[in-house]
Amino acid sequence: MITMRDYLDRAPKYVQDYLSNSKLRKANGDFSVGKSSYRAIRAIGKFVKNQVPFDSRDAFIKDFVYSNPSAFWDLYAKSKKPDYRWK
């Protein structure tokens, strides 16, 4: 059986670097857009959508990225818009 940690281990190196860097986290442990970028959110979201099964996505987000998965998906949708694309 595949665990959430196995999905993280399968991630590309740059996604693992984003998620393992403690400097890119808020005080509560959530991934911070202000300390990183929308490009990082887009890379993480793209990995999750393409490599993590649908029924496990929110659990993966909650474990490794953001405590509120719906807030993360809002940020991911925002990151694909032209106004935020290169920030």
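Any read-out appearing in this document is the output of simple, stated calculations on the displayed coordinates, not a laboratory observation. As the structure is a prediction and not an experimental result, all values here were calculated from the model. Note: ideal-geometry Cβ built from the backbone for every residue, glycine included; neighbour counts use all protein chains shown.
Tabulated values for the structure
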read-out: Proximal lysines relative to residue 62, as straight alpha-carbon distance under 23 Å, when same-chain residues fewer than 8 apart are discounted; value: 13, 23, 26, 35, 46, 49, 78, 80
read-out: Descending principal axes extents, the stretch 13-79, alpha-carbon based, whole Å; value: 29, 22, 22
read-out: Equivalent ellipsoid, the stretch 43-84 (semi-axes from 5 times Cα gyration tensor eigenvalues, Å); value: 18, 12, 7
read-out: Net dipole in debye of the stretch 13-79 [+1 Lys, Arg Cβ; -1 Asp, Glu Cβ; about Cα centre; nearest 20]; value: 320 debye
read-out: Relative contact order of the chain, pairs being alpha-carbon contacts under 8 Å that are 6 or more residues apart, as %; value: 30 percent
read-out: Helix-only mean residue ellipticity at 222 nm for the chain, each DSSP H run of n ≥ 4 adding -39500 (n - 2.57), per residue, nearest 500; value: -15500 deg cm²/dmol
read-out: Cα-based shape type of the stretch 1-50, given that a ≥ b ≥ c are square roots of the gyration tensor eigenvalues and the cut on a/c is 1.5; value: prolate
